[in-house]
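Everything below concerns the one structure shown next.
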Amino acid sequence: MALNETDTAELDISKQFLPQTESWAEPLWSGLHRGELHIQKCEPCGSFVYPPVEETCPQCTAAYSWHRASGTGRLWSWVTFHRSYYPGYPLASPYTVLMVEIEEGVRMLGSLDADTSVEELQCDMTMKFKPVRLSDDVHIPGFVLLGKERSRLET
Ligand SMILES: [Zn+2]
């Protein structure tokens, strides 16, 4: 296979790994570009939902509203991937995926920001939400160890 064919194949494949940015979840995706986490909330129940859903609350059938989350949470667990399993996957190995319980009470997956090394991680550490930039158009949820985050102007 010629080099150009390989490059084209990898570019095509990588698109399938990018998040589906449905219009009804626009507050989540636009917030990521600003470094903010927006999640859904059922006002009558007071419960939060992540990842976003298009449906109404299963408890009371109210429509969810969007709420800017605090952006801090507690590290539950993490895993480091040392090899790539799929050609074109947007994160270069090794990369670390965290499970963090945010202050609003929902657990979410996010990538470990480059400002924190995996050797620093311990369960129950306080993490700060910091989206990871894949391209100009695409950011995905991510976290950095609280106090290790640099301002967006420095990055
Ligand atoms: Zn509800």
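Assorted remarks:
- Extreme residue, surrounded by the fewest Cβ atoms within 10 Å (Cβ to Cβ), among residues of segment 135-151 that are at pLDDT 85 or above and more than 12 Å from Trp29 (Cα to Cα): Gly147
- Tally, over segment 50-69, of residues that are touching a residue at least 12 places away in the same chain (Cβ under 8 Å), assigned to a loop (DSSP other than H, G, I, E, B) and surrounded by 12 or more Cβ atoms within 10 Å (Cβ to Cβ): 8
- Selection status of Glu36, surrounded by fewer than 17 Cβ atoms within 10 Å (Cβ to Cβ), more than 17 Å from the chain's Cα centre (by Cα) and away from the ligand (no atom under 11 Å from the Cβ): no
- Within segment 14-28, considering residues that are touching a strand residue (DSSP E or B) at 6+ places or on another chain (Cβ under 9 Å) and touching a residue at least 60 places away in the same chain (Cβ under 8 Å), the one farthest from the ligand (Cβ to nearest atom): Leu18
- Per-region count, segment 76-114, residues within 16 Å of the ligand (Cβ to nearest atom) and surrounded by fewer than 13 Cβ atoms within 10 Å (Cβ to Cβ): 1
- Evaluation of Gly73 against (1) surrounded by fewer than 16 Cβ atoms within 10 Å (Cβ to Cβ); (2) part of a strand (DSSP E or B); (3) of a type outside the set (S, T, N, Q); (4) touching a residue at least 60 places away in the same chain (Cβ under 8 Å) (one fails), failing number: (1)
- Residues in segment 76-114 that are assigned to a loop (DSSP other than H, G, I, E, B) and either among the hydrophobic types (A, V, I, L, M, F, W, C) or at pLDDT 90 or above (or both): His82, Arg83, Leu91, Ala92, Ser93, Pro94, Glu103, Glu104, Gly105, Val106, Asp113, Ala114.
The values are calculated or read from the model by the stated rules, or taken from the named source; none is laboratory data. Since we're looking at a predicted model, the values are computed, not measured. Don't worry about glycine lacking a Cβ; one is built from the backbone with ideal geometry, like all the others, and counts go over all protein chains shown.
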